[in-house]
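Below is one structure, written out as structure tokens; the observations come after it.
Here, each number is a calculation from the coordinates, and none is a lab measurement. The model shown is predicted, which means the values in this text are computed figures rather than measured ones. No Cβ is skipped: glycine too gets one built from the backbone with ideal geometry, and neighbour counts run over all protein chains shown.
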Protein chains: 2
Amino acid sequence: MKVFSIKELLDESPSLMTKEVFVNGWVKSVRSRRFIDLNDGSTIKDLQIVIEGSKFASDFLKKITIGIALRVFGTIVISLGKKQSIEIIAKEIKIYSEISHNYLRGTILQPKHHSFEKLREQAHLRFRTRLFSAILRIRHQLAFSIHHFFHKHNFYYIHTPIITTSDAEGAGKMFRITSFNLENIPNHGYLDDFFGCSTYLTVSGQLAGETAAMALGKIYTFGPTFRAENSNTSRHLSEFWMVEPEMAFYELEDNMDLAETLLKSLLNDVLNNCVEDLDFLNWSFIKNQKPKFEGQNIVEILYFIKQHSFARVSYSEAIEILLSSNLNKKGKFKYPIRWGMDLQSEHERFLVDKYFGVPVIIFDYPADIKAFYMRINDDSKTVRAMDVLFPRIGEIIGGSQREERYDILLNRMKAFQIDEKVLWWYLDTRRFGSAPHSGFGLGLERLVQFTTGMSNIRDVIPYPRTPKHADF
Amino acid sequence: MKVFSIKELLDESPSLMTKEVFVNGWVKSVRSRRFIDLNDGSTIKDLQIVIEGSKFASDFLKKITIGIALRVFGTIVISLGKKQSIEIIAKEIKIYSEISHNYLRGTILQPKHHSFEKLREQAHLRFRTRLFSAILRIRHQLAFSIHHFFHKHNFYYIHTPIITTSDAEGAGKMFRITSFNLENIPNHGYLDDFFGCSTYLTVSGQLAGETAAMALGKIYTFGPTFRAENSNTSRHLSEFWMVEPEMAFYELEDNMDLAETLLKSLLNDVLNNCVEDLDFLNWSFIKNQKPKFEGQNIVEILYFIKQHSFARVSYSEAIEILLSSNLNKKGKFKYPIRWGMDLQSEHERFLVDKYFGVPVIIFDYPADIKAFYMRINDDSKTVRAMDVLFPRIGEIIGGSQREERYDILLNRMKAFQIDEKVLWWYLDTRRFGSAPHSGFGLGLERLVQFTTGMSNIRDVIPYPRTPKHADF
């Protein structure tokens, strides 16, 4: 006889009524030794198990406590309760293992409020909470939708290397990799090391991705990337997952179109497929009175973004707007803005929340504050960069049209003091059939944060890695 | 006007006949300055561009050489040639950039036979070859099908950490990670390091995956894993991608069923979606007379595996078969087999190719040659392990039912000298609602090797990492 997941039971309940089924799960609560709420992780909803009369011995029922795993055989019936549509009248119950009451004390499995910090300290158990399981189901949907979107649009998924030899990209501080014991480094150093050279954890798959796009046309990477910055904030992780599409023959406008289409498609998929998890998060979002975007809750904001065109404005225009605007309550920004500066959060928030009221794509940034590989505009001062700014989280996507002209790229590398001998293969793509191409990076965790309304990035990834934290 | 990919043009050609279109791509060959074969990576097929009469200046046409990127505007017509169904009569051609003849010399872009070694040395250009682009399109299909299969079956995709603190799993030698310069390690060593402890690159996401499965029910990981073994073989990479499903409430039989269903589903997807790439690989496979499985070429073998049930045999039965079999031509194996030994390639090949003639799942291995976390059988000598053996490549999947009993797992860890203080969180899953669960690992590169018929694993991943090689 088939074992049903609780999601399957709830989805298919009309056709299963009065049928006998097996179901597995963990006990979320027990009431009057008569009603058990069972959850198996397939959905945020619990299934109510009903214990009738004297079918089970009292000693047996005592063992059914919060957190233990059960296998239940029983009949599906319409529930008389208001909370659930169906329930199961238990005929047989198997207890997989018991839990000592002493064990449970101090764990987050105890049915009461626990802080986010405490949940993180017991990250191996927080999968069992409603909150974190809802976040992870939405994270799954987003990851799957990313693959599905690119597959549907004829992109090829490329696995770019995690172990790299160059720290040339300048995206951030890198971790080193070695096969040595750190206590006992041989005299010849890296020459004796595993790869015969210094190796690092990648900060981006872009450069390798470009080489693939210049042959396969449209590709994307989706893998872990790393930063060794000592940033202890709610926005930074040392290890996070990034999606990086790269498209031959795309110019910056095509790149912006793709970014907007992708984001709307992903939010739409979550709205269509994660209703119950979103409802739960929305409810806790409102309850916790987190910062709101123009009074909208998280579900409303997803709909809003899906339905409105993003504003597109050049960096120079954005600076004009900021300079001539009536700013915050006191009439000025904390950080005065001028052309050539990176935008601060307060500037981004002003543009997104106050001025445009929709997500904003800012393009054509000053060359000096952007990476060497971005295409120089005819003004020689700006590059074909673009950032997509969202309410609440700021930059969600950063990208550019790439410099495809060999001589100009070489000069830019020299200006950035990047050794052309290290990136010879990257330069080669500009020697053998170069063409315009573009791409961008989308951080998965930022996207999950935005979609779930979580304020700390450590709460949207199973086991966060941050300075001094690599537990589990 | 929409820019079409060549794949789109060929797929939709009936509806596009006599229409004017834009198309981009790289020149694969030029004949008599009249016919250009253009490829954009979207498909292995080239699109023929026809230059009519004196439409373009001779000086302009001279610049159209192999490898350069073009944008063509023209009319789609039925081709009179036999090689292609449609072609484009060029009206406008834009040359994105030229290639110096000197540049091309010595590169694998030159239209002649190049060795696999040479292709690897120019890994940044081999995406442009038919062979490697075909392999990567199939790799993409397999990766997408893996996500699609698990999504369809209600598994959740979990990102387990790449940076780990424990080398306890025993799956292989690990790389260390540090934020230090190796030339200048501080006195306090790892305590002063980024994470405040020793950190390594993961060899498997399984243990973390188990913690998620014991809450979400059915999960899978799909990410890079690492081995610091000094293995310079055609079967080993230092960095490779692994898929690891983990299912609560699954026993070993359910695990075997899932492995077989998954593999058949993936091969079926490739057969249905990668016809042209497979045909090309099949043709080069036969041409190169690579080792064959019972005379089958790679397409036939995919069909064969899809249509036949896998044999399932216990390790002890497999040993009996090997001991009583008439072995190789000389009547014996190079490595004599006895109960308790790991099977060698020759034994696996005998069982798969000669004895069963289908893929074989071997289960219930001796406890001493398997990992600490596998469930001990009642005989106390064997564990609920399983390996799926395929023709040509041997083991493609390794998995087990996990030991869910706290006391027995703790004893096994002690026997393997694994510090329980390091894996306290793993042990915790057996204290708080433990239940039977199972999972397995599938190496993506092995699967791509099998599907494409490639004999060296370095030829199925964009930038292979092996001892002394981390180029690009």
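Ignoring everything except DSSP H segments at least 4 long, calculate the 222 nm mean residue ellipticity for the protein assembly as shown; use -39,500 (n - 2.57) per segment, divide by total residues, nearest 500.
-8500 deg cm²/dmol
Work out, step by step, the length gained on full extension between A:Lys94 and A:Met17: first 0.36 nm times the residue separation, then minus their alpha carbon distance; give nm to one decimal.
Working: separation 77, 0.36 × 77 = 27.72 nm, distance 2.25 nm.
That pair, A:Lys94 and A:Met17, stretches by 25.5 nm at full extension.
Taking 0.36 nm per residue of separation and subtracting the Cα-Cα distance, what length does fully extending B:Lys414 through B:Gln110 add?
103.5 nm
Collect residues whose amide H, placed 1.01 Å from N in the peptide plane, falls under 5 Å from the amide H of A:Gly25; neighbours closer than 5 in sequence don't count.
Those lying under 5 Å, H to H, from A:Gly25 are A:Leu70.
With r defined as the distance between the Cβ atoms of B:Arg405 and B:Lys332 and R0 fixed at 30 Å, what FRET efficiency is calculated, to the nearest 0.05? Mind showing how you got there, number by number?
On the way: r = 42 Å, r/R0 = 1.38.
Between B:Arg405 and B:Lys332 the formula returns 0.10.
Say the dipole of region A:3-105 comes from +1 at the beta carbon of Lys and Arg and -1 at that of Asp and Glu; which of A:Ser42, A:Ile78, A:Ala57 then lies farthest toward its positive end?
In region A:3-105, that residue is A:Ala57.
Could you state the principal axis extents of the C-alpha atoms in region A:3-105, from the largest down, to the nearest angstrom?
Principal axes ranked by extent give 42, 29, 25 Å for the Cα atoms.
Between B:Lys421 and A:Lys468, with labels modelled 7 Å along Cα→Cβ, what's the label distance in nm to one decimal, could you check?
2.0
For the rotation that superimposes chain B on chain A, which residue of B has the C-beta lying nearest to the axis, and at what distance in Å?
B:His147, 2
Could you tell me what % of all Cα pairs in chain B have separations over 40 Å?
It works out to 34 percent of all Cα pairs.
Convex hull volume of the Cα atoms in region B:99-162, per residue, in Å³?
Enclosed volume per residue, from the Cα hull, is 134 Å³.
What does the copy distance list look like for B:Ser29, label position 7 Å along Cα→Cβ, in nm and ordered from shortest?
7.3
Taking amide hydrogens as modeled 1.01 Å from N in the peptide plane, which residues meet the under 5 Å criterion relative to B:Met386, leaving out close sequence neighbours?
B:Gly399, B:Ser400
Hey, what do the phi angles of region A:70-80 turn into as Karplus ³J(HN,Hα) couplings, whole Hz, using 6.51/-1.76/1.60 and θ = phi - 60°, x for Gly and Pro?
Residue by residue, region A:70-80 yields 10, 10, 10, 10, x, 9, 7, 9, 5, 7, 7 Hz.
Hey, got the Cα dimensions of the protein assembly as shown along the principal axes, in Å, largest first?
Sorted from largest, the Cα extents of the protein assembly as shown read 95, 91, 66 Å.
Going highest first, how would you order B:373-380, B:123-130 by mean Cβ packing within 10 Å?
Listed from highest to lowest mean packing, they are B:123-130, B:373-380.
Please label the shape of region B:46-92 as rounded, prolate or oblate, based on the square roots a ≥ b ≥ c of the eigenvalues of the alpha-carbon gyration tensor (a/c under 1.5 means rounded; beyond that, a/b larger than b/c means prolate, else oblate).
Prolate.
Cut-off 20 Å, label point 7 angstrom out along Cα-to-Cβ of B:Ser79: give me the residues of region B:253-288 whose amide nitrogen falls inside.
B:274-284
At 7 angstrom along the Cα-to-beta-carbon line, where would the label on B:Phe333 sit relative to the other copies? Give the distances in nm, shortest first.
Its label point is 7.2 nm from the equivalent points in the other copies.
Once phi is turned into ³J(HN,Hα) by the Karplus curve 6.51 cos²θ - 1.76 cosθ + 1.60 with θ = phi - 60°, what whole-Hz value does each residue of region B:93-102 show in order, with x for glycine and proline?
Once θ is set to phi - 60°, the couplings for region B:93-102 become 10, 10, 8, 6, 6, 9, 10, 5, 4, 4 Hz.
For each pair in A:Lys264/A:Lys381; B:Lys173/B:Lys370; B:Lys218/B:Lys421; A:Lys7/A:Lys82; A:Lys7/A:Lys83, compute the distance between the two Cα atoms and list the pairs where it is over 22 Å.
Those over the limit are A:Lys264/A:Lys381; B:Lys218/B:Lys421.
Using θ = phi - 60° and the Karplus curve 6.51 cos²θ - 1.76 cosθ + 1.60, what whole-Hz ³J(HN,Hα) does each residue of region A:455-466 get, with Gly and Pro shown as x?
8, 10, 4, 5, 9, 10, 9, x, 10, x, 10, 9
Using a label point 7 Å beyond Cα on the Cα-Cβ vector, give me the inter-copy distances for A:Glu52 in nanometres, one decimal, shortest first.
8.3
At a Förster distance of 22 Å, what's the computed FRET efficiency of B:Phe35 paired with B:Lys118, Cβ-Cβ distance as r, to 0.05?
Efficiency for this residue pair is about 0.20.
Between B:Asp257 and B:Glu276, with labels modelled 7 Å along Cα→Cβ, what's the label distance in nm to one decimal, could you check?
Modelled inter-label distance: 4.0 nm.
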